[in-house]
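For reference, the structure is listed below as structure tokens.
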Amino acid sequence: MHLLLLAGMTLFPAPAPVQDRCGEREPAPGLLVSAEWLKRHHGDDGLVLLQVERSRAPYDSGHVAGARFIAMGDFTTRRGNLLTELPPVEHLDSVLESLGIGDRSRVVLYGEILPVTRLFFTLDYLGLDARVSVLDGGLTAWRTAGGSVTTVPAPESARGTLTLHPHAELLADWTWVNAHRQDPGVSLLDARSPDEFEGKLTEDGVARPGHIPGAANLDWTTTVTGGHFRGVAELKQLFTAAGATPGKEVVTYCRVGTRASELYFAARLLGFRVRLYDGSMNEWAARTDLPMTLGPKP
């Protein structure tokens, strides 16, 4: 593993164009790729296709031919009473290299949407941002497009070599959130359901009901439809209604940082500067020195 810490704020460089099978240059893939794009590039050198799930059962029941499996537990960890946190960089590096991911890899993720976006956030944090895409519509879209599906596990891959560039500024801790929750240049978004946000529903691992004062509710489920992310125009309307307007920095949280990763991804689709509060309500509500509020208003 090669580890490089970046002091600057130059994030998300534009990915280089890729060469199609006819030798012509085509635009590099964005954060979302279609099943048709994947069909065209399924055999490309350096492509690493990962099915991301909470357990292995969905993968074993049928997956995109050549896809490798990664469980959510492989890239999250429990830290004290905090249930879903980023593991040490060294652990993440080992897991990713074991899947054949190296410095020249193009990574495409599909599977259950929350594990997928949590892994996307993790790879973003590690500095792979410009080389990672999500298959829009997942396995269902792939099947609909006539893509090959198998129950045969992908053969073991050669170990990759990664040079990591962790972006610590993509994480927000409780001190940062508390200092910026009333900042007019920051939009703090709660990805939970309205009942959880308002404090009507008791959640496991959340010591006090309600939400962080200054936060607006944007239920993550409203950003997807039929297994696909909503279009940019629709997403923009949702974010604007929640107070996330152009020029603001978006910070997302939920109960343990999983649903927040989906909202993080949606914010990235819109081009926002965005952070994720990984401790989320699991941490915030447990600290009696931090304020909480009930009801629908920020």
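The table below lists the values:
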| item | result |
| --- | --- |
| Output for the stretch 224-255, where each listed residue is among the small types (Gly, Ala, Ser) and open to solvent by 70 Å² or more (accessible area, probe 1.4 Å) | Gly226, Ala233, Ala241, Gly247 |
| Enumeration of residues in the stretch 153-181 that are surrounded by fewer than 16 Cβ atoms within 10 Å (Cβ to Cβ) and more than 27 Å from Leu263 (Cβ to Cβ) | Pro153, Pro155, Glu156, Ser157, Ala158, Arg159, Thr161, Thr163 |
| Which numbered condition His42 misses (of (1) at pLDDT below 95; (2) open to solvent by less than 20 Å² (accessible area, probe 1.4 Å)) | (2) |
| Check on Val274, within 14 Å of the chain's Cα centre (by Cα) and either in contact (Cβ under 8 Å) with a residue 24 or more places away in the chain or assigned to a loop (DSSP other than H, G, I, E, B) (or both) | yes |
| Count of the stretch 156-213 residues which are among the hydrophobic types (A, V, I, L, M, F, W, C), assigned to a loop (DSSP other than H, G, I, E, B) and closer than 30 Å to Arg104 by Cβ | 2 |
| Residues that are under 25 Å from Glu112 (Cβ atoms) and either part of a loop (DSSP other than H, G, I, E, B) or touching a Pro at 6+ places or on another chain (Cβ under 7 Å) (or both), drawn from the stretch 214-223 | Asn217, Leu218, Asp219 |
| Which listed residue is modelled with pLDDT of 90 or more and either within 23 Å of the chain's Cα centre (by Cα) or on the phi > 0 side of the Ramachandran plot (or both), from Leu11, Leu50, Leu5 | Leu50 |
| Answer residue from the stretch 212-232, given it is under 15 Å from the mean Cα position of the chain (by Cα) and touching a residue at least 40 places away in the same chain (Cβ under 8 Å) and is farthest from Asp136 (Cα to Cα) among those | Trp220 |
| Pair list, Cβ < 6 Å and 6+ apart or interchain, from the stretch 44-73 residues that are in contact (Cβ under 8 Å) with a residue 24 or more places away in the chain to residues that are in a helix (DSSP H, G or I) and open to solvent by 10 Å² or more (accessible area, probe 1.4 Å) | Arg54/Met72 |
| So Ser261, is it within 18 Å of Gly30 (Cα to Cα) and polar (S, T, N, Q) | yes |
| Meets criteria (touching a helix residue (DSSP H, G or I) at 6+ places or on another chain (Cβ under 9 Å), open to solvent by less than 20 Å² (accessible area, probe 1.4 Å) and more than 30 Å from Ala35 (Cβ to Cβ)) for Leu188 | yes |
| Boolean, Glu196 is modelled with pLDDT of 95 or more and touching a helix residue (DSSP H, G or I) at 6+ places or on another chain (Cβ under 7 Å) | no |
| Selection from the stretch 192-231 of residues that are in contact with a strand residue (DSSP E or B) (Cβ under 8 Å, 6 or more places away or on another chain) and hydroxyl-bearing (Ser, Thr, Tyr) | Thr223 |
| Test: residue in the stretch 80-90 that is assigned to a loop (DSSP other than H, G, I, E, B), in contact with a strand residue (DSSP E or B) (Cβ under 7 Å, 6 or more places away or on another chain) and open to solvent by 30 Å² or more (accessible area, probe 1.4 Å) | no |
| Meets criteria (exposed (fewer than 13 other Cβ atoms within 10 Å of the Cβ) and not β-branched (Val, Ile, Thr)) for Asp204 | yes |
| The stretch 279-297: number of residues that are under 21 Å from Thr222 (Cα atoms) and either under 13 Å from the mean Cα position of the chain (by Cα) or open to solvent by less than 50 Å² (accessible area, probe 1.4 Å) (or both) | 3 |
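The values are calculated or read from the model by the stated rules, or taken from the named source; none is laboratory data. Values in this document were obtained by computation on a predicted structure and should not be read as measured data. Note that we place each Cβ from the backbone using ideal geometry, even for glycine, and neighbour counts take in every protein chain shown. With ligands, DNA and RNA removed, areas are computed over all heavy atoms of the protein, side chains included. Shrake-Rupley method; radii C 1.70, N 1.55, O 1.52, S 1.80 Å.
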